[in-house]
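Everything below concerns the one structure shown next.
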Amino acid sequence: MAQPDPHVQLTPLGAEPDFNETIQSIHTTLRRFANDVMRPIGQKLDRMTPEQVSAPDSPLWSVHRQFDELGFDVDSLLAMEPAERARVMCVMYEELGWGDAGLAISLAVNSLPLLMATLMGSEFGRQVAKSAKSGCWMITEPDHGSDSLDPSRQIFHPQGAYGRPNCVVTIQGDEIVINGQKSAWVSNGTIAEVGVLYAAADTGNGPDTKHGAVVIVPLTAKGVSRGKPLDKIGQRALNQGEIYFDNVRLSKEHLIAGPDRFLEATYLIHAFANGLMGATFAGCARAAYDLAHAYVHERKAGGVPIIRHQSVAHRLFHMYAKVEAACAVTRRVVHYNFEAPQMSLKSAMVAKITGTQAAFDVASAALQLHGGNGLTRDYPIEKIFRDARASLIEDGCNEILAIKGGYSLANPDLLRP
Ligand SMILES: Cc1cc2nc3c(=O)[nH]c(=O)nc-3n(C[C@H](O)[C@H](O)[C@H](O)COP(=O)(O)OP(=O)(O)OC[C@H]3O[C@@H](n4cnc5c(N)ncnc54)[C@H](O)[C@@H]3O)c2cc1C
């Protein structure tokens, strides 16, 4: 094992100037949880079928339960002053992503219904969200993936039209009625007890996909059913699946944003989620880097540990630089967004693209440094590589975010909520 540099001792978070005592202790707690609970269970879940992952006796539930016991719930985090909350959330998601990226996302989406009900000022929605143990965010649809993340239509082809939505919320008097379905990609889709639904709204003039509705939906409600858990190559510990709505009737109190506030609610959840994706996958990048660092000191080729070959040291340094850059930009963006009166979605997209691209690049370079061993299931790097690959699509394909961000550089008004 390499010894720490005796002259310049960085913090476990790298060149982090704000590593105060609170953050140090939170980091220690979360690193223990990530290492002792998430990693072994994540590796086990990765080898299981999607049905086994979401079964009542799945070890997944132990991760959820033990994380809840740590006390990092939405209300405690929102009670912190913004700069401290930003530090805590970045360290937290970096460590969860270091432990297991798919499980980190499962834990993150659990909290989204309560977070959105709180941000939109709905006490009723908060109570519904708090009565459930697990949550999800239902936005994408089978016929509308990238489209449903772009309600203001910035990425649309000039001759393109949205077409029929797959899910519609009809608002009539004191009641809302939900019909249709959301995509197989909804994280925690087949296991969540409550969800925050973003869908087209019909107030009497047909479905409006630009000015939709955001609803807190108890997923035990009559008329809700689920699809089969999705089988996929990366983040296999993350349960995903369709949610169907057949005349689901709820009181209007469940509506946390009507058509007039739909764009605001869409902007807010993306600004939050993109920042957390940046932190999670910066942590995933660090996990890949750490594995590579250990391996190049153990593996011998050409008569020496491979770290002594110049090209290996050079590659490892570039991986280290990518991890540092991803963490730095994410922490800066989340800090800015928590303190600013209006979050910056453009900056959050920078964090998402930088963190996830770093995770993919570093995992790919780490796999290469493992040689043939990297391709086998005997070494954990191939799983991290698959997990990181999924992140380039998750929460909005990176190229779609870059198109939206690029247009907003020319016209800042385009990204306004
Ligand atoms: C791990 C994971 C977790 C997820 N979690 C959730 C969740 O919790 N809730 C939820 O609702 N959804 C979730 N998703 C869905 C995710 O947001 C979508 O997969 C993503 O937005 C892309 O949509 P799509 O898969 O339909 O691809 P499409 O939109 O069909 O895109 C296909 C390809 O076409 C390109 N493309 C599309 N439109 C344009 C355009 N206008 N200009 C240029 N190129 C374009 C895309 O970049 C992409 O390469 C998740 C996905 C993953 C992988």
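Could you name the aspartates and glutamates in cross-link range of K182, using Cα to Cα under 18 Å and dropping any fewer than eight places away on the same chain?
Cα-Cα hits under 18 Å: E141, D143, D147, D150, E193, D202, D208, D231, E242, D246, E394, D395.
To test your reading of the geometry: what angle, between 0 and 90 degrees and rounded to tens, separates the Cα axis of helix 310-339 from the longest principal axis of the chain?
Tilt relative to the chain: about 40 degrees.
Short version: what are the Cα gyration tensor semi-axes of the range 66-213, square root of 5 times each eigenvalue, largest first, in whole Å?
Working: eigenvalues 182, 70, 44 Å².
They are 30, 19, 15 Å, listed largest first.
For the range 264-410, just the Cα set please: Rg and Dmax, both in angstrom.
Over the range 264-410's Cα set, Rg and Dmax evaluate to 17.1, 61 Å.
Helix 21-33 against the longest principal axis of the chain: what's the angle in degrees, Cα atoms only, rounded to the nearest 10?
The angle comes out near 90 degrees.
Quick one: if you take sqrt(5λ) for each eigenvalue of the C-alpha gyration tensor of the chain, what semi-axes come out, biggest first, whole angstrom?
Values: eigenvalues 279, 99, 86 Å².
Largest first, the chain gives 37, 22, 21 Å.
Of A213, A358, T330, whose Cα points farthest to the positive end of the dipole of the chain (charges on the beta-carbon: +1 Lys, Arg; -1 Asp, Glu; origin at the Cα centre)?
A358
Can you find, among A129, S152, P142, the residue sitting farthest towards the positive end of the charge dipole of the range 105-225, where Lys and Arg contribute +1 and Asp and Glu -1 at Cβ?
It is A129, whose Cα lies furthest towards the positive end.
Assuming 0.890 mPa s and 25 °C, estimate D for the range 275-345 with Stokes-Einstein, Rh taken as the Kirkwood radius over Cα pairs, in µm²/s. Present the calculation step by step, with values, prior to reporting the outcome.
Values: Rh = 13.8 Å.
The calculation lands on 178 µm²/s.
In Å and on Cα atoms, what radius of gyration and Dmax does the range 365-417 show?
Reported Rg and Dmax, both Å: 17.4, 51.
Taking the range 195-252 as the region of interest, what is the percent of Cα-Cα pairs per 10 angstrom bin, listed from the shortest bin to the one with the maximum distance?
With a bin width of 10 Å, the distribution comes to 19, 42, 29, 10, 1.
Using heavy-atom solvent-accessible surface (probe 1.4 Å) with all chains present, what is the largest-first order of F281, F124, F317, F72?
Values: F281 0, F124 70, F317 125, F72 35 Å².
The residues order as F317, F124, F72, F281, largest area first.
Hey, got the dipole for the range 134-261? About the Cα centre, +1 on K and R Cβ, -1 on D and E Cβ, debye to the nearest 20?
Values: 12 positive and 14 negative charges, 58 e Å.
Computed about the Cα centre, the dipole is about 280 debye.
Calculate the dipole size of the chain relative to its Cα centre from +1 charges on Lys and Arg beta carbons and -1 charges on Asp and Glu beta carbons; express the result in debye to the nearest 20. Each step should come with its number before you reach the end.
Numbers: 39 positive and 45 negative charges, 183 e Å.
About 880 debye.
Give a quick list of trypsin sites (Lys or Arg not before Pro) in the range 316-417 that DSSP marks as loop, anything other than H, G, I, E or B, with at most 11 other Cβ atoms within 10 Å. Spell out each step's value before the answer.
Values: sites: K322, R331, R332, K346, K352, R377, K383, R386, R389, K404; in loops: R377.
Within the range 316-417, the qualifying trypsin sites (Lys or Arg not before Pro) (loop, at most 11 other Cβ atoms within 10 Å) are R377.
As a check on your grasp of the helix formula, calculate [θ] at 222 nm for the chain: sum -39500 (n - 2.57) over DSSP H runs of n ≥ 4, divide by the residue count, round to the nearest 500.
Values: 14 runs with 202 residues, N = 417.
Estimated from H runs of four or more residues: -15500 deg cm²/dmol.
Find, among the GluC sites (Glu not before Pro) in the range 14-108, those assigned to loop by DSSP (not H, G, I, E, B) with at most 16 other beta-carbon atoms within 10 angstrom. Please report the intermediate quantities before stating the final value.
Values: sites: E21, E51, E69, E84, E94, E95; in loops: none.
Filter output for the range 14-108: empty list.
Out of the range 30-84, which trypsin sites (Lys or Arg not before Pro) are coil in DSSP terms and have no more than 13 other C-beta atoms within 10 Å? Please report the intermediate quantities before stating the final value.
Details: sites: R31, R32, K44, R47, R65; in loops: R47.
Passing both the DSSP loop test and the Cβ count: R47.
What whole-number distance in Å separates the alpha-carbon centres of the range 285-350 and the range 126-191?
Spelled out, the Cα-based centre of one part sits 34 Å from the other.
For the range 1-113, taking Cα atoms only, what is the radius of gyration to one decimal and the Dmax to the nearest whole Å?
Rg, Dmax (Cα atoms, Å): 15.8, 51.
Ordering Y93, Y336, Y162 from largest to smallest accessible area (1.4 angstrom probe), what's the sequence? Provide the component values of the computation, followed by the final result.
Numbers: Y93 10, Y336 125, Y162 35 Å².
Descending accessible area places them as Y336, Y162, Y93.
Just how many % of Cα pairs in the range 16-74 lie over 17 Å apart, if you round to the nearest whole percent?
On the way: 844 of 1711 pairs.
Roughly 49 percent, once rounded to a whole number.
Please figure out what share of the DSSP beta bridges in the chain is antiparallel and state it in percent, rounded to the nearest 5.
Working: 31 of 38 bridges.
Around 80 percent antiparallel, to the nearest 5.
First obtain the Kirkwood hydrodynamic radius of the range 208-318 from its Cα pairs, then insert it into the Stokes-Einstein equation at 25 °C and 0.890 mPa s, and state the resulting D in µm² per second as a whole number. Walk me through the numbers on the way to the answer.
Working: Rh = 19.0 Å.
The diffusion coefficient I find is 129 µm²/s.
How are the C-alpha pair distances of the range 134-261 spread across 10 Å bins, as whole percents from the shortest bin up?
With 10 Å bins starting at 0, P(r) equals 13, 45, 31, 9, 0.
The values are calculated or read from the model by the stated rules, or taken from the named source; none is laboratory data. Quick caveat, the model's predicted, so the values are computed rather than measured. Cβ sites come from the backbone with ideal geometry, for glycine too, and all protein chains shown count toward neighbours. Ligands, DNA and RNA are excluded from the accessible area calculation, which covers all protein heavy atoms including side chains. Shrake-Rupley method; radii C 1.70, N 1.55, O 1.52, S 1.80 Å.
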